[in-house]
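Report on the structure given below.
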Amino acid sequence: MPPPMAAGAAGPRPQHTPPGACRYDAPVPWLDVLLAAAAFAVALALRPWRALPRTGPPWPWLAWGAAMPLTWTADRLSGAPLAPPLSGSCLLMLMAGWPLAMLGLAPVALAAAWLGDLTADQALQRLVWLGIVPATFALALGAAVRRWLPPHLFVYILGRGFFATALAGMAAAGIALALASGAAPAAAARPDAFELMLARGLVAWGDAFLTGMLVAIFVALRPHWLATYADRIYLPARPHDGRGGP
C-alpha cells in the first residue's frame, strides 16, 4: 500500500497534450475520398496532357513538384506538430494549369507519405487540404480576378499570384479545422486550436509571398513557364503613333 501523501505535497501533474498533437487536420475521411475522386475525374476528362510539348512539361514544373513533398511534411521532418505544412499547390496550378496540377498532386502525395511516414488517411488528407482544395480555390479566385479586374500585368502578379494564394490557403485551412472541430466538438474548445489556426494563416501568407515572388520573376523572364499567363491578355497593346510604324 503506498504511503499517505504528506500535507501540502503536490499531487501528480496532469498530463498535457502538446499543441497540435490532436489531429485537427483530419476532417472527414469520406469527404476526402469524394473530393479527390471528383478532382481526378474532371482532370482526366479534360485530357490536359494534349497541350504538353513533345519534350514533356517544362523542368520548373517538375522541380517544384519534387520540392512539394518536403513542404507537405514540414511538421513531420521538423518534429514540431504546430508547424503547419506549406501547400505550394497554388504555384503549381499557375504554372501547369488546374487539370495538370491535379494529376501532378498524386505523386506528390505518394512521395510525402513515404518521406513523412504518413498513413494512407493522412496522405489523402494532405492531398485534399494542402493540394486539391487550395488550388481549386485559387483557380476560382483567379477567374474572378479576370472577370472583374482590368487585364493588367500587376493584376495577375498581385491578384492571382499573391492575394488569391493567401485567401485560398486560409480558406482551405479554416474549412479543414472547422470540419475537424465538427467531427470532434471537444477539440474546438482546446486552447491550442486558435494557435493552430493562427499558425496556418501565417503559413498561408508565407506561401503567398513565395508564390507572388516567383510569379513576378517568371512573368518578367520566363512567361512560358506559366500556363495561366499570356502577354496578349495582361499586357496592354501599344498604341500606334499614326506614322505607319509599329
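Quick look at the values:
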item: Matching residues, the stretch 147-170, being part of a helix (DSSP H, G or I), in contact (Cβ under 8 Å) with a residue 24 or more places away in the chain and surrounded by fewer than 24 Cβ atoms within 10 Å (Cβ to Cβ); result: Leu153, Val155, Ile157, Leu158, Phe162, Phe163, Ala166, Leu167, Met170
item: Restricting the stretch 107-132 to residues that are surrounded by 16 or more Cβ atoms within 10 Å (Cβ to Cβ) and small (Gly, Ala, Ser), the residue that is nearest to Asp207 (Cα to Cα); result: Gly131
item: Qualifying residue in the stretch 121-141 (condition: hydroxyl-bearing (Ser, Thr, Tyr) and at pLDDT 95 or above); result: yes
item: Odd one out for Ala135, checked against (1) surrounded by 22 or more Cβ atoms within 10 Å (Cβ to Cβ); (2) within 12 Å of Thr73 (Cα to Cα); result: (2)
item: Residue that is touching a helix residue (DSSP H, G or I) at 6+ places or on another chain (Cβ under 8 Å), modelled with pLDDT of 65 or more and either over 16 Å from Arg146 (Cβ atoms) or crowded, with 21+ Cβ neighbours inside 10 Å (or both), where the choices are Ala178, Ala187, Ala193; result: Ala193
item: Phe209 at pLDDT below 75, among the aromatic types (Phe, Trp, Tyr) and part of a helix (DSSP H, G or I); result: no
item: 3 or more residues of a type in the set (A, V, I, L, M, F, W, C): qualifying helices (runs of 4 or more DSSP H) within the stretch 53-123; result: 59-72, 89-96, 98-116
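The values are calculated or read from the model by the stated rules, or taken from the named source; none is laboratory data. Because the structure is a prediction, the values reported are computed rather than measured. Positions of Cβ are generated from backbone atoms using ideal geometry, with glycine treated the same way; all protein chains shown enter the neighbour counts.
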